[in-house]
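J.: Sharing a structure with you now.
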Amino acid sequence: MQAPTPDLVPEGARQIRTAVVIPAAGRGVRLGPGAPKALRALGGTPMLVHAVRAMAASRAVSLVVVVAPPDGAPEVRHLLDEYPLPGRTDIRVVPGGATRQESVGLGIAALPEDVDVVLVHDAARPLVPVDTVDSVIAAVRDGAPAVVPALPLADTVKQVQPRPDGAAEPVVGTPERALLRAVQTPQGFDRNTLAEAHRSVAVDGEGATDDAGMVERLGIPVVVVPGHEEAFKVTRPLDLVLAEAVLARRRATDGYV
Ligand code: CTP
Ligand code: MG
């Protein structure tokens, strides 16, 4: 048993336990035909393996729950066994659902009792730096019930009235860009806050794309910490080109595998 890190353990208290839920059950429709997105290779290694390693790189993380495609849990378990982690982080694999919200809910349901802090991290953000992970965890441990990493926007955003079939869409408004943030993952939560949000917010249509948004609906405050450019989500084919370039640079300069 590893000695607890002294600064995290007040006298007489047990160590705060932090786990990560990684939703990886999506198909990756916008990336185009092929294997489920999380299982596609980035620099020869499955995207999911990069994402798991990025979470395990944080010393605070003791458990990662991977939410696999609904019929793919045995395959994902087998795959992860081929890429063992160097440290002491445990990995559990559970089958996911039809929406991201359902998949995250199934991951939360698989968390052991003694987990206090939960991060939710997209498998599709394989290159998030450990400093971003650590700053999210630190903010939750400092008492914030919900924390999201976020960046200012480069583009101006318009609100429109959606029209079918590619018809020109009327612009309804232009929110002030300086007040907007693009949010990333890992998002971090006090475990009870996240569980309550997933219990009480119904899945509607495609479900929530962001867990912090569900917490907001409970009227619980959410705070932002600085995100990172390299925490971008691999969504479309061009994102894979960028991810390969970031990976190649890391491998050349800092020995990243
Ligand atoms: N996700 C999930 N279960 C689903 C849908 C999505 O676990 N039913 C996960 C994805 O695997 C991904 C994360 O949620 O790691 C973010 O979703 P997104 O980027 O939209 O991925 P996909 O849904 O796979 O992509 P697309 O929307 O293009 O099909
Ligand atoms: Mg999706």
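J.: Over the chain, with a Gaussian network built from C-alpha contacts below 10 Å, which listed residue (Thr45, Thr156, Thr18) shows the highest mean-square fluctuation?
T.: Most flexible of the set in this elastic network: Thr156.
J.: In the chain, what is the volume of the convex hull around the alpha carbon atoms, normalised per residue and reported in Å³?
T.: Per residue, the Cα convex hull of the chain comes to 158 Å³.
J.: Right, next: In a Gaussian network model over the chain where Cα atoms closer than 10 Å are linked, find which of Leu179, Leu151, Leu79 has the largest mean-square fluctuation.
T.: Leu179
J.: Residue by residue through region 242-249, what is 3J(HN,Hα) from phi via Karplus (6.51 cos²θ - 1.76 cosθ + 1.60, θ = phi - 60°)? Round to whole Hz and write x for glycine and proline.
T.: 3J(HN,Hα) across region 242-249, in whole Hz: 5, 4, 4, 5, 4, 5, 4, 5.
J.: What is the antiparallel percent of DSSP beta bridges lying wholly in region 19-165, to the nearest 5?
T.: 10
J.: Now for a different question. For the chain, what proportion of DSSP beta bridges, expressed in % and rounded to the nearest 5, is antiparallel?
T.: Here the share of antiparallel DSSP bridges comes out near 40 percent.
J.: Quick one: Kirkwood hydrodynamic radius for region 36-183, alpha-carbon pairs, angstrom, one decimal?
T.: After inverting the mean inverse Cα-Cα distance, the result is 17.7 Å.
J.: Work out the length of the dipole vector of the chain about its Cα centre, built from +1 on the beta-carbon of each Lys and Arg and -1 on the beta-carbon of each Asp and Glu, and round it to the nearest 20 debye.
T.: 460
J.: Using DSSP to define loop residues, name the GluC sites (Glu not before Pro) in region 168-231 whose beta-carbon has at most 15 other beta-carbon atoms within 10 Å.
T.: Within region 168-231, the qualifying GluC sites (Glu not before Pro) (loop, at most 15 other Cβ atoms within 10 Å) are Glu176, Glu206.
FYI, it's all coordinate maths here, none of it is from the lab. These numbers come from a predicted model, not from an experiment. Every residue, glycine among them, receives a Cβ derived from its backbone with ideal geometry; neighbour counts consider all protein chains shown.
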